[in-house]
Amino acid sequence: MNDSIPRIVIIGGGAGGLELVTQLGHKLGKNQQADILLVDKNRTHIWKPLLHEVATGSIDSDLDGVVYSAHAAKHHYRFQLGEFCDIDQNLKTITLAPLHDDSIHTFLPKRSVTYDYLVIAVGSISNDFKTPGVKEHCYFLDSIQQAQRFQHALLDNFTRLHQDDDQQKTLDIAIVGGGATGVELSAELYHVSSLLKLYGLANMSPKRLHIHLIEAGPRILPALSDRIAESAKQELLKLGINVREYTQVKEATKHGFITKDDERIDADIMVWAAGVKAPDFIKGLKVFELTPNNQIRVDQFLRSTVDDRIFVLGDCCAFIQDNGKPVPPRAQSAHQMAKCIEKNLIAMLRQKPINNFTYNDYGSLVNLSRYGAVGNLMGNLTNNSFFIEGKIARFMYISLYRMHQLAIHGFFKTFFLWIREKILRIGRPKIKLH
């Protein structure tokens, strides 16, 4: 590490953070024009839109994840394991909380990290809106650990049902939130249940799985068009998923959800996927100008409104477009913000003018597991949206992940990863069974 060169610290190795640190590593770190440091509380990266597949066992995070330390060694940046908990703007330092092992022994003490430029990319978490019982009784899908915890519970329940003498018993799963996560998880659960008979759980089938998708608003996928929402709903109904709109949950208990109308929706497993917010600790820093959802307000260059050496990207960033609407919390938003910040940081180091951020909506796609996908794409020439569904939409959805892989691995490794996936698909189970 060279103390004479500027240090750029990126907090958070999500979709945008990892893409940014990779490109800065190649363009600045490789030639020692800057010291590039990534800080994350996890050791591995999974593209967040795939967490619902980790949760169902459709993909194995141990095989499909990106190990930050190994990735850093190949892409000319450094990685430090740590959880961001405080900041001192005057000293230009961030504080990392002590880290503990499973035995609650401290293996990394509280530490300080200096920076010349800071990028905050800590993502988002589910917003429970302070609904009673949710934290105690529901599963969330905000991290690899949470997704793995859900997958273990799901497998335990599948096994319990398979070995139960009463073949009439069912597994009831209730999912609150009809956004992309809830819709995609519902379809993926149905797909996984159809595969169990191939791996020794012959008594378990989709007929014994009851999925309730609960949405407080008038329709699922409220952020997308009516046509996309209706198409997705019809596909879910064909699978036998109980789509409940206009159903507001007021409480969660160990037996299920209680609606505003005092109806109880019984469930063996409950998932909360209704709304997102930036992590609560951001508010506790008492440094930034925030929205009600804890997002950090930024200027036209994606710099925080309180410090022009602190950039923000991704779900924790509150950027208001010229039309008065905030940039939506999507992977494509994080990707575009990462590209803008990359260019602006390089320009600042070279004492050149920086550019405004402009968000371009390229459309939205919702993955319905192996049953297809629905969505819309924005035409580059006319700026009009056109509807797609089925195999074409699923191909486009998969292409989004390949584009993310290209950004963090480059063409050749992405190609070989694709080949590896094809080979592994022949020799390993279609679902994770441990």
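Yes/no per residue for (1) part of a strand (DSSP E or B); (2) surrounded by 21 or more Cβ atoms within 10 Å (Cβ to Cβ):
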| site | (1), (2) |
| --- | --- |
| P279 | no, no |
| N293 | no, no |
| D308 | yes, no |
| D322 | no, no |
| P328 | no, no |
| A334 | no, yes |
| K339 | no, no |
| K343 | no, no |
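Pairs under 6 Å by beta carbon, first residue under 10 Å from I125 (Cβ atoms) and touching a residue at least 60 places away in the same chain (Cβ under 8 Å) in the stretch 273-285, partner part of a loop (DSSP other than H, G, I, E, B) and among the small types (G, A, S), six or more apart or different chains? Within 6 Å, the pairs are V276/S124; A278/S124. Please work out if A252 is touching a helix residue (DSSP H, G or I) at 6+ places or on another chain (Cβ under 6 Å), modelled with pLDDT under 95, outside any loop (DSSP other than H, G, I, E, B) and surrounded by 18 or more Cβ atoms within 10 Å (Cβ to Cβ). Criteria not met by A252. Note on the stretch 168-215: residues that are part of a strand (DSSP E or B), in contact with a helix residue (DSSP H, G or I) (Cβ under 6 Å, 6 or more places away or on another chain) and either surrounded by fewer than 23 Cβ atoms within 10 Å (Cβ to Cβ) or modelled with pLDDT under 90 (or both) total 1. Looking only at residues of the stretch 365-390 that are at pLDDT below 75 and part of a helix (DSSP H, G or I), we find that the one that is farthest from G240 (Cα to Cα) is G390.
Being touching a Ser or Thr at 6+ places or on another chain (Cβ under 9 Å) and surrounded by 15 or more Cβ atoms within 10 Å (Cβ to Cβ) narrows it down to one of L99, L108, L91, so name that one. Exactly one of L99, L108, L91 is touching a Ser or Thr at 6+ places or on another chain (Cβ under 9 Å) and surrounded by 15 or more Cβ atoms within 10 Å (Cβ to Cβ), namely L99. Assigned to a loop (DSSP other than H, G, I, E, B), among the β-branched types (V, I, T), out of contact with any helix residue (DSSP H, G or I) (no Cβ under 8 Å at 6 or more places or on another chain) and over 24 Å from K432 (Cα atoms) - does that describe any residue in the stretch 126-144? Among the residues of the stretch 126-144, at least one is assigned to a loop (DSSP other than H, G, I, E, B), among the β-branched types (V, I, T), out of contact with any helix residue (DSSP H, G or I) (no Cβ under 8 Å at 6 or more places or on another chain) and over 24 Å from K432 (Cα atoms), which makes the answer yes. Would you confirm, using the coordinates I've provided, whether L345 is farther than 21 Å from A407 by Cα and either modelled with pLDDT of 95 or more or not assigned by TED's automatic domain parsing to the domain that holds L18 (or both)? It is false that L345 is farther than 21 Å from A407 by Cα and either modelled with pLDDT of 95 or more or not assigned by TED's automatic domain parsing to the domain that holds L18 (or both).
The values are calculated or read from the model by the stated rules, or taken from the named source; none is laboratory data. Everything numeric here is computed off the predicted structure, so don't read it as measured data. In this analysis, Cβ positions are derived from the backbone assuming ideal geometry, glycine residues included, and neighbour counts consider all displayed protein chains.
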